[in-house]
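Below is one structure, written out as structure tokens; comments come after it.
The values are calculated or read from the model by the stated rules, or taken from the named source; none is laboratory data. These numbers were taken from a predicted model, which means no experiment stands behind them. Here the Cβ is made from the backbone with ideal geometry for all residues, glycine too, and neighbour counts use every protein chain on show.
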Amino acid sequence: MRSPRHLPAFRRLWAAAAVSQLGDWLSFVAVSVVAVQAGGGALGLAVVFAAHALPAAALAPFAGAVIDRVDRRRVLVGATVIAAGLTAAMAAAAAAGWTLALQLLLVARSAISVVVPTAETAALRRVVPADGLVAANAILAATWSVAYVAGMALGGAAALLGPALALVLDAASFVVAAALYRSLPALPPAANATRSSVRAILAATPRDTRAALVVAARDRPLLAAVIGKAPLAAAGGAGWIALAGVGAAAQPFGAAALSIGVLQAARGAGTGVGPAVAARLAGHGVAEAALQRAAWALALAAIAALAWVREPVALALVAGAWGIGTGTNWVLTHAALQRHAPDAVIGRLAALDELLVTVAMVGSAFAGAAVVDALDVAPGAAALVGAALGAVALAACPRR
């Protein structure tokens, strides 16, 4: 596999994503801690998760249609600048103690930010050759892992001083990311894409989404790539409820905020280790299908283990194993999508990928939270719900 690290445009795309992601996870811990301190229980955590992710699901098809028809650099810069302003407002709301306003601003920011990962997916294939896509996605996944680890750990520490501090740092990270995105070369849509106004794109979104689905349905490897993350997402939402709940209740590493941050950081570390190992094994001829099967099995087993494990080191190892499985799955499916999708529809297909992942995670989070709150059981029980949902989704998915 060809390494993309020498390509200037890839380095800028990588740096922008790294800075923005670091800030995102800082603020994610802060908002989660606010929910825990407000006494919302498992359902409160699920609401935070939904506010962070559900707007992206609702707007994903529209975002994909925009990305297939508008210069991707302009989309990245515009969305990131708006997100910076909304995050600054979140910091003010947190400082004033306005919990409802904080949640509503988070919903708005999530809605605006939906275009960023989809635009990055579409942009990557323009700045990296086909034989470097697995390596490029592995680098991005490792960077996400480092940002996740640092952001979650620092977010747990910053939250002890008040959530507003973490949100201010997140707003600053968006400003830096916007400047880096602006330095990318122009990334216009495919030559045969129809130039339209935003209103026309919105009106045509249902038709365009159906057209993209037809393209995927006719290509089995492409269809498998589009839905390949959904099974672990169906397990991960309830798994996240379990991990946050166990961290808050058992406090294996001290205060609830710090414990949640450390456990999420351990999971993030795994998301970097898994893709690095998978990329090396794929480069030595190991079949991607075999790597996928191993990733699914490891992640589901680790999520289920959260129902019983409570010793601090063991909890960190289980969280890391979960990350290894999900990180490997992410890189392999992302590279397959970029490899098989036509450029004219890659934005819509990447958006559908995000939509499936988000809906699966949010639905799973609420299912896990409902079981914990309705049955009045330990938060670790949500992990069993997640593992069961993931196994069912995996059995229903087609193989390439």
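Restricting the search to the range 148-181, which residues are modelled with pLDDT of 75 or more and either of a type in the set (Val, Ile, Thr) or surrounded by fewer than 24 Cβ atoms within 10 Å (Cβ to Cβ) (or both)?
Start the filter on the range 148-181 by keeping residues that are modelled with pLDDT of 75 or more, which leaves 150, 164-181.
Hits for the range 148-181 are 150, 164, 165, 168, 169, 171, 172, 175, 176, 178, 179, 180.
Do we find that residue 119 is within 17 Å of the chain's Cα centre (by Cα), at pLDDT 85 or above and on the phi < 0 side of the Ramachandran plot in this structure? Show your work before the answer.
Values: within 17 Å of the chain's Cα centre (by Cα): yes; at pLDDT 85 or above: yes; on the phi < 0 side of the Ramachandran plot: yes.
Yes.
Scan the range 303-321 and give yes if some residue there is crowded, with 16+ Cβ neighbours inside 10 Å and acidic (Asp, Glu), otherwise no. It would help to see each step written out before you state the result.
Taking the range 303-321 and keeping what is crowded, with 16+ Cβ neighbours inside 10 Å, we get 303-307, 309, 312, 315-321.
So of that shortlist, the ones also acidic (Asp, Glu) come out as none.
For the range 303-321, residues crowded, with 16+ Cβ neighbours inside 10 Å and acidic (Asp, Glu): absent.
Does the range 32-40 contain at least one residue that is modelled with pLDDT of 70 or more and either closer than 30 Å to residue 378 by Cβ or of a type in the set (Ser, Thr, Tyr) (or both)?
Here is the first cut: in the range 32-40, the ones modelled with pLDDT of 70 or more are none.
No: zero hits.
Take the residues of the range 196-212 that are of a type in the set (Ser, Thr, Tyr) and in a helix (DSSP H, G or I): which is nearest to residue 349 (Cα to Cα)? Spell out the reasoning first.
Filtering the range 196-212 for residues of a type in the set (Ser, Thr, Tyr) gives 196-197, 205, 209.
Still in the list and also in a helix (DSSP H, G or I): 205, 209.
Values: 205: 12, 209: 8 Å.
If we take residues in the range 196-212 being of a type in the set (Ser, Thr, Tyr) and in a helix (DSSP H, G or I), then 209 is nearest to residue 349 (Cα to Cα).
If a residue must be modelled with pLDDT of 85 or more and in a loop (DSSP other than H, G, I, E, B), how many such residues does the range 331-344 contain?
2
Determine which member of the set 384, 352, 389 is assigned to a helix (DSSP H, G or I) and within 18 Å of residue 221 (Cβ to Cβ).
Values: 384 fails: within 18 Å of residue 221 (Cβ to Cβ); 389 fails: within 18 Å of residue 221 (Cβ to Cβ).
Among 384, 352, 389, only 352 is assigned to a helix (DSSP H, G or I) and within 18 Å of residue 221 (Cβ to Cβ).
Can you say whether residue 217 is in contact with a Leu (Cβ under 8 Å, 6 or more places away or on another chain), at pLDDT 85 or above and surrounded by 13 or more Cβ atoms within 10 Å (Cβ to Cβ), as far as the supplied structure shows?
Judged against the criteria, residue 217 is not a match.
Can you pull out the helices (runs of 4 or more DSSP H) entirely within the range 75-179 that have at least 1 residues that are of a type in the set (D, E, K, R)?
On the way: elements: 99-113, 115-127, 133-160.
In the range 75-179, 99-113, 115-127 are the helices (runs of 4 or more DSSP H) which contain 1 or more residues that are of a type in the set (D, E, K, R).
Hey, among the residues in the range 250-260 that are closer than 20 Å to residue 163 by Cα, touching a residue at least 60 places away in the same chain (Cβ under 8 Å) and of a type outside the set (Ser, Thr, Tyr), which one's surrounded by the most Cβ atoms within 10 Å (Cβ to Cβ)?
Our first condition is that a residue be closer than 20 Å to residue 163 by Cα; within the range 250-260, this holds for 251, 253-260.
When the remaining residues are screened for being touching a residue at least 60 places away in the same chain (Cβ under 8 Å), the result is 255-260.
Filter once more, keeping what is of a type outside the set (Ser, Thr, Tyr): 255-258, 260.
On the way: 255: 16, 256: 20, 257: 24, 258: 21, 260: 28.
Only one residue tops the list, namely 260.
Quick check, is residue 230 within 16 Å of the chain's Cα centre (by Cα), among the hydrophobic types (A, V, I, L, M, F, W, C) and at pLDDT below 85?
On the way: within 16 Å of the chain's Cα centre (by Cα): yes; among the hydrophobic types (A, V, I, L, M, F, W, C): yes; at pLDDT below 85: no.
Spelling it out, it is not the case that residue 230 is within 16 Å of the chain's Cα centre (by Cα), among the hydrophobic types (A, V, I, L, M, F, W, C) and at pLDDT below 85.
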